[in-house]
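Below: the structure, in structure tokens.
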Amino acid sequence: MQKAGNRLRIIVQLIETEGGAHVWSSRFDGAIDDFFDLEDRITEQVAGALQPSIRIAEIERSRRKRPQDLGSYDYTMRAMPHVWVLEKEESAKALELLEKALAIDPEYPLALSLAGWCHAQRSVYNWADDIAESQAMARSLAERAAEMSGDDPVILSVLGAVHTFVRNFGTARVLLERAIALDPNAAWAWSRLGWLENYSDQAERALEDFERALRLSPLDPMNFNNYAGMGAAHHVAQDYDKATALYRRALEERPHASWIYRGLASSLSGAGRVEEAKQAYAEMMRSYPDLTVSKLKQAMVFSPAVLNRMAESLRKLGLPD
């Protein structure tokens with residue numbers, strides 16, 4: 001802590017004791033008169049930033065272990081980066097690792113919940129041939145995890161996300177709000193609540209939730225999904241130019257998250273930007289050559305009005321029924 005006149009500068013560091021490596025650091029400036037506000041801001045941001053930083057450090061630690069020394073926790077840590085990416089092949093890799101974790105400990109709640117999340121990804125991102133089957137598997141795994149660890153914000157967030165994807169919005173909200181009550185700085189819970197607001201046509205609330213998630217965890221590897229969520233919020237509000245800008249920001253951070261092109265092509269079409277829409281549509285169809293309006297509506301969980309607008313925009317670009 002440094003003081004100069006009426007100003008304070010506080011530097012916060014997280015250091016791994018084993019090797020002395022800096023895991024995370026940040027700097028906070030403020031006036032002494034605003035000390036309590038500054039203290040609250042530091043508490044919020046440090047708590048939010050530490051969670052992904054510690055996870056990343058734990059993932060690296062598990063990678064340094066010999067294969068014969070790996071336990072359920074280590075396989076789960078190794079799976080996490082593949083879960084975060086939200087890409088089809090990466091999600092499949094995550095499931096392989098999580099199955100190894102569950103072979104060692106079939107009742108490990110974090111592994112169960114993350115496996116449930118991977119199956120939920122298969123449904124909502126149009127990766128599964130049988131969307132209903134993936135939804136059922138996701139729900140089964142997540143609920144098993146919640147039975148054993150109903151007070152873990154991560155597990156509750158996963159279960160909330162799964163219930164969102166099977167359109168149990170009331171249950172999803174209860175679970176996500178419980179996660180936030182347990183940990184008000186749980187960035188991922190705020191992000192999932194933002195998506196729930198999108199699906200409930202509450203675009204302004206969704207934007208607030210995504211902005212809070214970004215503020216809480218500015219280094220989080222899942223932040224591209226917050227930008228995609230903000231794009232979806234503007235899409236719901238029919239502000240297609242803003243939606244386009246944020247979808248593109250998400251793709252800049254995660255270029256292979258091809259599911260984002262479903263929203264981008266639709267928003268460009270809705271904005272009347274025909275040539276750009278055709279390019280985005282071509283990118284979408286490269287990843288989804290068999291996509292139809294019917295499959296899109298079955299996977300995505302926006303309100304019927306929003307889905308109908310998206311479908312009509314994509315029909316104009318050539319998407320078959």
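The values are calculated or read from the model by the stated rules, or taken from the named source; none is laboratory data. These numbers come from a predicted model, not from an experiment. When we count neighbours, we look across all protein chains shown, and the Cβ atoms used for this are built from the backbone with ideal geometry, even at glycine. With ligands, DNA and RNA removed, areas are computed over all heavy atoms of the protein, side chains included. Shrake-Rupley method; radii C 1.70, N 1.55, O 1.52, S 1.80 Å.
Compared with the direct C-alpha span, the chain from Ala103 to Glu18 gains 27.6 nm at full extension, assuming 0.36 nm per residue.
Its Cα gyration tensor gives the chain an equivalent ellipsoid. The semi-axes, each the square root of 5 times an eigenvalue, are 33, 26, 18 Å from largest down. Entry note, the chain: relative contact order of 12 percent, from Cα contacts under 8 Å with a spacing of 6+ residues. Estimated from helical segments only, the mean residue ellipticity of the chain at 222 nm is -22500 deg cm²/dmol, where each DSSP H run of four or more residues counts as -39500 (n - 2.57). For the stretch 279-288, putting each phi into the Karplus relation 6.51 cos²θ - 1.76 cosθ + 1.60 with θ = phi - 60° gives couplings of 5, 5, 5, 4, 5, 4, 6, 5, 8, 10 Hz, in residue order, rounded to whole numbers and with x for Gly and Pro. Less than 5 angstrom separates the built amide H of Gly30 from those of Leu8, all sequence-distant by 5 or more or on a different chain. For the stretch 201-321, rounded, prolate or oblate, judged on the Cα gyration tensor with a ≥ b ≥ c (square roots of eigenvalues), a/c < 1.5 rounded, else prolate if a/b > b/c? Cα axes put the stretch 201-321 in the prolate bin.
For the pair Arg27 and Glu211, a Förster radius of 25 Å applied to the C-beta separation gives a FRET efficiency near 0.70, rounded to the nearest 0.05. Taking only the C-alpha atoms of the stretch 177-272, Rg followed by Dmax gives 12.9, 45 Å.
Dipole check for the chain: with +1 at the C-beta of Lys and Arg, -1 at the C-beta of Asp and Glu, and the Cα centre as origin, the magnitude is about 680 Debye. Highest mean first, the peptides 187-196, 119-128, 214-223 sorted by other C-beta atoms within 10 Å per residue fall in the order 187-196, 119-128, 214-223. Decide, for the stretch 180-235, between rounded, prolate and oblate: order the square roots of the alpha carbon gyration tensor eigenvalues as a ≥ b ≥ c, take rounded if a/c falls under 1.5, and otherwise choose prolate if a/b is larger than b/c, else oblate. It comes out oblate by the Cα gyration axes. In straight-distance terms, cross-link reach from Lys297 covers every one of the lysines whose alpha-carbon lies under 25 Å from its own, apart from those fewer than eight places away in the same chain; here that gives Lys88, Lys242, Lys278, Lys316. Give the angle, between 0 and 90 degrees and rounded to the nearest 10, that separates the Cα long axis of helix 131-148 from the longest principal axis of the Cα atoms of the chain. Between the helix axis and the principal axis of the chain, the angle is about 20 degrees.
Each Cα pair under 8 Å and six or more residues apart adds its separation to the average, and for the stretch 216-314 the resulting relative contact order is 22 percent.
The fraction of accessible area contributed by carbon and sulfur in the stretch 259-321 is 51 percent, rounded to a whole number (1.4 Å probe; ligands and nucleic acids excluded). If R0 equals 22 Å, the separation of the Cβ atoms of Glu253 and Glu275 corresponds to a calculated FRET efficiency of about 0.35.
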